[in-house]
Amino acid sequence: MNIGIAITGMGIISSIGNSVEENYNALRNSQIGITTIENIATVHVDVIKVGEIKKTNQELIEELQLGKDNNFSRTAMLGTIAAKQAVKNAGITSINEYRTGLISATSVGGMDMTERYYHEYFDNPEVVKYISSHNAGDNTEKIASELGLKGMVTTISTACSSAANAIMLGARLIKSGKLDRVIVGGTDALSKFTINGFKTLMILSDGYNKPFDNDRNGLNLGEAAAYLVLESEELVKKENKKVLARVSGYGNANDAFHQTASSENGDGAFLAMEKAFKIAKLQPEQIDYINVHGTATPNNDLSEGRAIARLFGESKVPDFSSTKPFTGHTLAAAAAIEAVYSVLAIQNNVVFPNLNFKTPMEEFNLLPQTTLKHKNIEHVLSNSFGFGGNCSTLIFSKSE
Amino acid sequence: MKKTYINGLGCISAQKTFDTVFLEEAELNENSTILSLKAPVYKDFIPPVAIRRMAKGVKNGIVASALALKEAQLETVDAIITGTGMGCIEDSEKFLKAILDNDEQFLTPTSFIQSTHNTVGGQIALGLQCKAYNLTYVNGSVSFESALFDAKMMIEEEEASSILVGGIDEMADYTMSLFKLAGFIKKENQGPYSILGSTTKGVVFGEGATFFALENQIKNNTIAEILDVEILNKLNVSEVENKILSFLAVNSLEISDIDAVLLGYNGDVDSDLYYKNLSNTTFINVPQVYYKHLSGEYDTASAFGLWVGSKIIQTQSIPDIVKLNALDKQSYKTILLYNQRNGIDHSFTLISSC
């Protein structure tokens, strides 16, 4: 097995908690974050449920102590909160002391402000400041600025697999010796834009999402941000850092099938998993838990399930669950929050339940783990797939 | 460690940059605040049924990538890596406007589907049936350099032997009007909008799609080698020279080894302060080149810059229209590119002849 890249810190804010600890407690106690939307005025308020963080923008501004003339989008604020937690958790006090980078992921960027002020811009000079915050990179720049980080900063946007690619790039930057430590993750706020986009595609559930259930009827959107701190072996030794877990494998492939739909056999998903195993130098039977993408759309779960059955063997698939019934699908942040959950699974030797599951899918014999299960966990595989055919897989391992 | 070579170019810009030698028909337009690109004949590259559904950024990306592949004589690649600052804003605008104007009703998904930043990368993969590594970077002025950096790292890791890397940005009407409102674009009726010696804020805006076919081996058609790429988030004006010197030193080079330097002057009086000192002192004895007066400024305009740099090496000449000073060299071996915007998202790119 490949020793992997050390994870030394984590931070998260999601609809099930404002810290790593709160998220863990919610996952353990089956406390879901799917509710009626409050912070965005939408005509769909009665027919959709979302994984919304119950803090208003004003509350986030106060929490971050931002000046009155700030132009942070909600995406940037959520990202800053989670990234600051991660840096603190890793015990970093002087951020530019080593070659430190920030690789963030987002799909909506500052869309929440753009859609709010779109027709107001020409009449209200006070909101013109938000025009520049639409740009995805501006959100990352604000997080970097709040962290005081001056080194390599970039942003990845591959729809719902974005944060997996940010974590992958971070691991590669450390492995190649280009950086000593990297803060990696993603952030996405809820927006009318994505709510209506997914609604128009008819893949929003009118109730609670049911991943891998025969009667699944779509996803709940969510918002979240999460970041990990990755550090080089030299730095871990030098600073005597506690290693929470390791990124041991990663893979990225394209399904090359359709702009938004996954291929029936999940070719992209299969290839991404296969590449991750190759990098990790692990065999499928060594995986103790799969945190599936499991959006609960008819198309994703069928395609992902087929790819998993092909790779692991239908009768040999390890315990798996989707945590999206807790948080909703948080788009570009999904792989980052699920990375945190994967590390929590390893640290606490626990498989989180796939809630809302009743009826097995008729296409294959795959049954998700539906209750909290305690067992030794050495390796967790986490999948994330997005529009544009983008498929990514990460493997997390216990640190020796 | 494997080296990275540029073996094919594809450039769609405000100038005639395909089926041409090197900017010999370039037109200087200093009267517009926006430079639209010269559209290629899409039906030569994309099936007519598909053309109707695609936004122009997607179409231009597909054409530019096809040109680069053709020049490199490649059918497919081991990775497709794109950079875009604003992404597919034409479709984003269309969908957002429909949401707001129709109170979230009667929407169709087409423009939403194509609004994600990775649409171009995904559509190229779809067209080539390429299931390889596929990534999209979206970080302002280093969107393209992030893609280039990743590509070089992949070749060094020996994860790929051929890679398509490109920068794409498109303009859309409402976004341009917002950029004017916010002062990012120069005010109307104040031309000529000369980049050099500008005393006003804002830029002349542009759009484009520029692709490079990279490989880990030299071929007959090799244009240049990519020696190094570095990205830095934030620098003060006074820090730039030292950063350049140390970037060159890492590559065992000094200022005197540089045969031409391409600077990202965009006509914004404050942003250009970052280049002035370099022009007047650091690189005073080096041929200097600028290019955004031809392409307009946009997040991935520096990909157009790399196209200019590659062409200088390929043709061993600098067209007068891009010259910042009167210096010439007998041969152009090593070229440095420096770009930034408003003091953030700095990139240094070093290329050489082979």
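The values are calculated or read from the model by the stated rules, or taken from the named source; none is laboratory data. Only a predicted model underlies this, so the values are computations on that prediction, with no experimental measurement involved. So basically every Cβ, Gly included, is an ideal-geometry build from the backbone, and we count neighbours across all protein chains shown. To get the accessible areas, we keep the full protein, side chains included, count just its heavy atoms, and leave off ligands, DNA and RNA. Shrake-Rupley method; radii C 1.70, N 1.55, O 1.52, S 1.80 Å.
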Of the residues in the range A:35-78 that are under 19 Å from A:Met111 (Cα atoms) and among the hydroxyl-bearing types (Ser, Thr, Tyr), the one that is nearest to the other protein chains (Cβ to nearest Cβ) is A:Thr42
Note to self: Given the condition under 28 Å from A:Met1 (Cβ atoms), touching an Asp or Glu at 6+ places or on another chain (Cβ under 7 Å) and at pLDDT 95 or above, answer yes or no: does some residue in the range A:334-341 qualify?
What the structure shows: no
Within the range B:153-179, the residues that are under 20 Å from the mean Cα position of the chain (by Cα) and not in a helix (DSSP H, G or I) are B:Ser162, B:Ile163, B:Leu164, B:Val165, B:Gly166, B:Gly167, B:Ile168, B:Asp169, B:Glu170, B:Met171, B:Ala172
With the first residue restricted to the range B:324-342 and required to be in contact (Cβ under 8 Å) with a residue 40 or more places away in the chain and on the phi > 0 side of the Ramachandran plot, and the second required to be crowded, with 22+ Cβ neighbours inside 10 Å and part of a loop (DSSP other than H, G, I, E, B), Cβ contacts under 6 Å at 6 or more apart or on different chains are B:Asn342/B:Ser271
Checked the range A:246-285 for anything open to solvent by less than 20 Å² (accessible area, probe 1.4 Å), of a type in the set (S, T, N, Q) and assigned to a loop (DSSP other than H, G, I, E, B); matches are A:Gln259, A:Ser263
Check on B:Lys70, open to solvent by 40 Å² or more (accessible area, probe 1.4 Å), more than 16 Å from the chain's Cα centre (by Cα) and in contact (Cβ under 8 Å) with a residue 40 or more places away in the chain: yes
Scanning the range A:204-221 for residues that are farther than 15 Å from A:Leu366 by Cβ and polar (S, T, N, Q) gives A:Ser205, A:Asn209, A:Asn217, A:Asn220
Taking the range B:293-307 and keeping residues touching a residue at least 60 places away in the same chain (Cβ under 8 Å), within 10 Å of the chain's Cα centre (by Cα) and outside any loop (DSSP other than H, G, I, E, B) leaves B:Ser295, B:Glu297, B:Ala301, B:Ser302, B:Ala303, B:Phe304, B:Leu306, B:Trp307
Could we say that B:Tyr265 is of a type in the set (Phe, Trp, Tyr), under 22 Å from B:Gln314 (Cα atoms) and not assigned by TED's automatic domain parsing to the domain that holds B:Leu164 here? no
Matching residues in the range B:320-346 (open to solvent by 40 Å² or more (accessible area, probe 1.4 Å), aliphatic (A, V, I, L, M) and more than 12 Å from B:Pro287 (Cβ to Cβ)) number 2
Of B:Thr210, B:Thr222, the only residue that is touching a helix residue (DSSP H, G or I) at 6+ places or on another chain (Cβ under 6 Å) and either closer than 21 Å to B:Glu157 by Cβ or open to solvent by less than 60 Å² (accessible area, probe 1.4 Å) (or both) is B:Thr210
Considering the range A:190-233, residues that are aromatic (Phe, Trp, Tyr) and within 14 Å of chain B (Cβ to nearest Cβ), and then whichever is surrounded by the fewest Cβ atoms within 10 Å (Cβ to Cβ), we arrive at A:Phe193
Reported set for the range B:251-267 where residues are open to solvent by 10 Å² or more (accessible area, probe 1.4 Å) and either in contact with a strand residue (DSSP E or B) (Cβ under 7 Å, 6 or more places away or on another chain) or in contact (Cβ under 8 Å) with a residue 40 or more places away in the chain (or both) is B:Asn251, B:Leu253, B:Asp257, B:Asp259, B:Tyr265
A:Tyr289 fails exactly one of (1) within 12 Å of chain B (Cβ to nearest Cβ); (2) touching a Pro at 6+ places or on another chain (Cβ under 9 Å); (3) crowded, with 24+ Cβ neighbours inside 10 Å, namely (1)
Given (1) more than 16 Å from the chain's Cα centre (by Cα); (2) surrounded by 17 or more Cβ atoms within 10 Å (Cβ to Cβ), B:Leu9 misses just (1)
Reported set for the range B:197-232 where residues are among the aromatic types (Phe, Trp, Tyr) and within 15 Å of B:Ser310 (Cβ to Cβ) is B:Phe211, B:Phe212
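Results for (1) charged (D, E, K, R); (2) touching a strand residue (DSSP E or B) at 6+ places or on another chain (Cβ under 8 Å), shown as yes or no for each residue.
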site	(1), (2)
B:Thr110	no, no
B:Gly121	no, yes
B:Gly127	no, no
B:Tyr137	no, yes
B:Phe149	no, yes
B:Glu157	yes, no
B:Asp169	yes, yes
B:Gly183	no, no
B:Lys186	yes, yes
Restricting attention to the range B:312-335, does a residue exist that is among the aliphatic types (A, V, I, L, M) and assigned to a strand (DSSP E or B)? yes
When (1) open to solvent by less than 10 Å² (accessible area, probe 1.4 Å); (2) free of Cβ contacts under 8 Å to residues at least 40 places away in the same chain; (3) under 21 Å from A:Lys88 (Cα atoms); (4) not aromatic (Phe, Trp, Tyr) are applied to A:Lys237, the one that fails is (1)
Note on the range B:125-164: residues touching a Ser or Thr at 6+ places or on another chain (Cβ under 6 Å) and polar (S, T, N, Q) are B:Thr136, B:Asn139, B:Ser143, B:Ser146
Matching residues in the range B:150-173 (in contact (Cβ under 8 Å) with a residue 60 or more places away in the chain, at the interface with chain A (Cβ under 8 Å from one of its Cβ atoms) and open to solvent by 10 Å² or more (accessible area, probe 1.4 Å)) number 1
